[in-house]
Every structure is written in structure tokens, then in C-alpha cells.
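See structure below.
The values are calculated or read from the model by the stated rules, or taken from the named source; none is laboratory data. What you see is a predicted model; the values in this text were computed from it and never measured. With ideal geometry, Cβ positions are generated from the backbone for all residues, glycine too; neighbour counts draw on all protein chains shown. Accessible surface areas use protein heavy atoms only, side chains included; no ligands, DNA or RNA. Shrake-Rupley method; radii C 1.70, N 1.55, O 1.52, S 1.80 Å.
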Amino acid sequence: MLETTRDQINREGFRIQQNNTVFGFKGEPGKRLGTNYLDTAWHSGQVTFYRTIQAPGAPPLDSLDQVAVRLDLLAGEVEFLAGYKDVRAVKADQVKEFSVRYPDAGNRRFVNVREYAGKAVPVRGFFEKLVDGKLSLLAHHSIFVKKANYNPALNVGTKDDELVKRTEWYLATGQEVQKLSPGRRAVLEVMADKRPQIEAYLKTANPDYRSAADLAKLVRYYNNL
């Protein structure tokens, strides 16, 4: 080994044995950053099941009302707060729909993707119904794991996995769903029967095609024409 290489390694905090084997000090292990929940807070809501469920010692139920609920995107489960530190979970494919109430923002309604048809329907999960009408605006929330890319030899990158939330937009006519690619062109294709009015609206409003609020205003405008 060159002397300059030996000196550089020593400066970086390594020690070298006589047989030229290099040993590094054990670093901090990687962590998982982010949350697997759409919202970590519990909110009062209502849940409707596809089939009757029955907990031990309880009567059979096809729905629950005024129960604390949250959605685990990574596990694909709806969680219920049954009591102090008593959390129960049901797989998403057993839940037909649920809604949660926000004191300052009203209700958010989630419908199982199984209730919709079309090639664009996601494999699993729920559509959040943002606008209901002749043309409905739906949001599909999902999560993926951005894996660590740490290179110990070069000491670059990150050791941490990161949970990244993703929201994709869909439009539904009745139960038939199509995916909406954010952008002016895609909007005009879907709303072609009212193209002049929609073009004028887009020019005036200049909406952000990735904003739930702006897309909701646009779809409501179209539905009222």
C-alpha cells in the first residue's frame, strides 16, 4: 500500500492491521423516515364493511359509527382505536367505504377502488372522493419506499429508507374511471363537450393541475355548465 494512501485512510478514522486489512468503525444504522399513514392523527368517522364482522364478545356489525379511524397506506389497512392503546386493524379489501370528520374542514370520504370499473382503476386501496357529480374527481393515495443508497466504500449517499407519499388523480363518469394526467391538454380532452367554456376558464383561473383545490374548482365548474 502506498504511504499516501495509508495516511489518507488514517485521517478518515480507519486503522490498518499489519496484513493491510482495513477495518472501519461501525456507523449508525439506517432508519426508516416518514410515516406509513395518510394522516397520523385519529379522526372520528364511519366505516362500512363488505361483510358482517364480529369481534369476540360483541354482536355482529356491518358498519361502525363515531369510531376513531386512520388509514395505513403501507400495510393497506384501516385502523380503529377501540380503547386506550387498543388499536385494531382491518384489511382494506374488507372495507367498502369510510369517512372521517375534520372539525375545521368537514368530511373526507374514501371509497374502495373495487366499487369502480375501467382499466385505469388501481389494484388496491381507496379513492378519496373530492367532487361528486356527473364528472367526479377522485384522488388515489399510495406510498412507496425509497430505498437507501449508501455506499460505504465512498461514504456517500444515505443509509435511511424513506416513505414517500404519492397522490394520483382520476375522473369518473358514473363508475367508469379514467386517470387524469395533470395538464391543460388532458383536461381539455376529458371536457371536450364544453371546450370553449373550459378554455376560457383555464385562461382566467390558471389552475395548478397538481392542486386538489384547483382541480376540484375546475370539475365543479364543468359540472355546473
### Task
Within segment 51-73, work out how many residues are open to solvent by 40 Å² or more (accessible area, probe 1.4 Å), under 14 Å from Phe126 (Cβ atoms) and either in contact with a helix residue (DSSP H, G or I) (Cβ under 6 Å, 6 or more places away or on another chain) or in a loop (DSSP other than H, G, I, E, B) (or both).
0
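Does Arg166 fit the bill of being under 24 Å from Ala213 (Cα atoms) and either in a strand (DSSP E or B) or open to solvent by less than 30 Å² (accessible area, probe 1.4 Å) (or both)?
Values: under 24 Å from Ala213 (Cα atoms): yes; either in a strand (DSSP E or B) or open to solvent by less than 30 Å² (accessible area, probe 1.4 Å) (or both): yes.
Taking the combined requirement at face value, the residue satisfies it.
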### Task
Using the structure shown, decide if Gly157 is open to solvent by 30 Å² or more (accessible area, probe 1.4 Å) and touching a helix residue (DSSP H, G or I) at 6+ places or on another chain (Cβ under 7 Å).
no
### Query
Considering Phe98, Phe127, Phe110, which residue is in contact with a Leu (Cβ under 6 Å, 6 or more places away or on another chain) and either at pLDDT 95 or above or not hydrophobic (A, V, I, L, M, F, W, C) (or both)?
Phe127
### Task
Please enumerate the residues belonging to segment 100-120 that are without any contact (Cβ under 8 Å) to a residue 40 or more places away in the chain, over 18 Å from Gln46 (Cβ atoms) and surrounded by 12 or more Cβ atoms within 10 Å (Cβ to Cβ).
Val113, Arg114
### Message
Test of understanding: among Asp208, Asp214, which residue is farther than 24 Å from Val123 by Cα, acidic (Asp, Glu), open to solvent by less than 60 Å² (accessible area, probe 1.4 Å) and out of contact with any Lys or Arg (no Cβ under 8 Å at 6 or more places or on another chain)?
### Response
Asp214
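Could you identify the single residue in Glu77, Glu97 that is open to solvent by 20 Å² or more (accessible area, probe 1.4 Å) and touching a helix residue (DSSP H, G or I) at 6+ places or on another chain (Cβ under 7 Å)?
Working: Glu97 fails: touching a helix residue (DSSP H, G or I) at 6+ places or on another chain (Cβ under 7 Å).
Going through Glu77, Glu97 in turn, the sole match is Glu77.
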